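Reading through the structure tokens given below for one structure.
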Amino acid sequence: VGRAGSAAALRYRVIDWLSLHLADHVITDTPEHARYFARAYQVPAGKVTAVPVGASREWFDAQPAGERPSETLVLFYGSYIPLHGVDTILQAADLLRERADLHFELIGRGQTHEAMQALARRLALPNTRFCDPVPPGRLPALAARADICLGIFGTTGKAQRVVPNKVYQALALGLPLISLDSPALRGAFTPGEHLLAVPAGD
């Protein structure tokens, strides 16, 4: 990932510009991303189609793997990119540390994983467990064990433009979901009806 203003960031931007302009048609995940491409890369609006990410069939059919935990299981899985806002999840776990009936489980690794482990150690969280990534084929059954699934909570601009896989997947499992309130989310779902939406970074 290139820092803003760096040579790497400029290189990635040029690659993005060329990819978007050389394509006959561009498919993106949300209307917000389509508008972003039009604004940031001057891609004609008629050249972009938004197609929701959705969830594959195994997420609708998944059965929980093994016994459900006795505590209420709050589950996050992901690659720890900044838009996930894992720090917000850990701060929420800290606020709920006295709730012996709640347990947070975070599956995955990635960009901010080490920093988030360090934050969890500083907070001395008694209710949070970090788990290694699992093969994609095992993830639906592991997620189906959860009582509450977590989406994203980051404060990046991209977080406002996406509805991540995990949102569609949790809802396909029929599980309660909490995620970031954003224009992209409201374009696909109704907060308070389909899921609970919260402010970015809160």
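Side notes on the structure shown:
- Scanning the stretch 95-113 for residues being touching a residue at least 24 places away in the same chain (Cβ under 8 Å) and assigned to a loop (DSSP other than H, G, I, E, B) gives a total of 10.
- Odd one out for Leu196, checked against (1) part of a helix (DSSP H, G or I); (2) open to solvent by 40 Å² or more (accessible area, probe 1.4 Å): (1)
So that you can scan it fast, the table gives a plain yes or no per residue for (1) aromatic (Phe, Trp, Tyr); (2) closer than 18 Å to Leu177 by Cβ; (3) open to solvent by less than 20 Å² (accessible area, probe 1.4 Å):
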position	(1), (2), (3)
Glu71	no, no, no
Leu75	no, yes, yes
Leu83	no, yes, yes
Val86	no, yes, yes
Ala92	no, yes, no
Leu102	no, yes, no
Glu105	no, yes, yes
Arg109	no, no, no
His113	no, no, yes
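- Number of residues in the stretch 20-45 that are open to solvent by 70 Å² or more (accessible area, probe 1.4 Å) and assigned to a helix (DSSP H, G or I) equals 4.
- Single residue of Pro133, Pro126, Pro69 found to be part of a loop (DSSP other than H, G, I, E, B), touching a His at 6+ places or on another chain (Cβ under 7 Å) and either closer than 22 Å to Glu193 by Cβ or not polar (S, T, N, Q) (or both): Pro69
- Once the stretch 142-157 is narrowed to residues that are of a type in the set (Gly, Ala, Ser) and assigned to a loop (DSSP other than H, G, I, E, B), the residue that is farthest from Leu180 (Cα to Cα) is Ala144.
- Just one residue in the set Ala55, Ala34 is in contact (Cβ under 8 Å) with a residue 24 or more places away in the chain and hydrophobic (A, V, I, L, M, F, W, C); that residue is Ala55.
- Exclusive hit being crowded, with 19+ Cβ neighbours inside 10 Å and more than 11 Å from the chain's Cα centre (by Cα), set Leu142, Leu185: Leu185
- Residues being surrounded by 10 or more Cβ atoms within 10 Å (Cβ to Cβ) and farther than 17 Å from Ala100 by Cβ - total across the stretch 124-136: 4
The values are calculated or read from the model by the stated rules, or taken from the named source; none is laboratory data. This structure is a prediction, so every number in the text was calculated from the model and none was measured. Glycine also receives a Cβ, built like all others from the backbone with ideal geometry; neighbour counts cover every protein chain displayed. Please note that ligands, DNA and RNA were not included when accessible areas were found on the heavy atoms of the full protein model with its side chains. Shrake-Rupley method; radii C 1.70, N 1.55, O 1.52, S 1.80 Å.
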